[in-house]
Amino acid sequence: MSSEEAIQLLQGTLDLIVLRTLATMGPRHAYQIATRLQQVSDRLLNVNQGTLYPALVRLEQYGWIKGTWSLTENNREAKFYAITKAGLNAMGEETLRWKANGRPGRALVGGGVPIVNHLRRFVARLLGLFGNKRIEEDLSREIASHLALLEEDFRRQGMTADEARLAARRIYGGVEHAKQLHRNERSILWLEHTLQNLRFSIASSANRLASPRSPS
């Protein structure tokens, strides 16, 4: 397996777990999703919590999840993500492929994403160029919320404020690194990759239409 295929496999696995978490547990903020990810993967994915954000960006650009700001049970602000109807459809198709192949199928890996979702993501990236300041402010706000929730949990476990702050940043990973991953995922630098996936999707659709149908 090439390094690119391995990355796509990890993305497909991560995306499916996020979708299934939101489908079964309802709207969740990033900290809750990250905690669930560690539980269901038995830590096999071994990713810092901050690396979850590119997946959230990707899924939201595809129109499979939607994020809105609200308050937690402890009255802290957080951005909650909910799965959309399109996300439920994508999850259902991918689950069937997973059962058949024992690994993510093409719905969530590379070019198997429907053309309309690639176009939607491309438009989202273009629009993001004009609202970059707002997106950066929203990201900083969400990361601050995530770290505050982590610190709160560690303090409930008996840590001092300083210990909880250090532990939260260790679990989350590098803040600036997480921000850069977020920027890379939403940026126009992925134009070439998007166009490549579009070409693959168009070719796959053309092949299916050209394939002779078996007599009924």
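The values are calculated or read from the model by the stated rules, or taken from the named source; none is laboratory data. Only a predicted model underlies this, so the values are computations on that prediction, with no experimental measurement involved. We place every Cβ from the backbone using ideal geometry, glycine too, and count neighbours over all the protein chains shown.
On the basis of being at pLDDT 85 or above, more than 19 Å from the chain's Cα centre (by Cα) and loosely packed, with under 14 Cβ neighbours inside 10 Å, does ARG156 make the cut?
Yes, satisfied.
Taking the criterion of being touching a residue at least 40 places away in the same chain (Cβ under 8 Å) and more than 19 Å from the chain's Cα centre (by Cα), the residues of the stretch 71-92 that qualify are THR72, ASN74, ARG76, GLU77.
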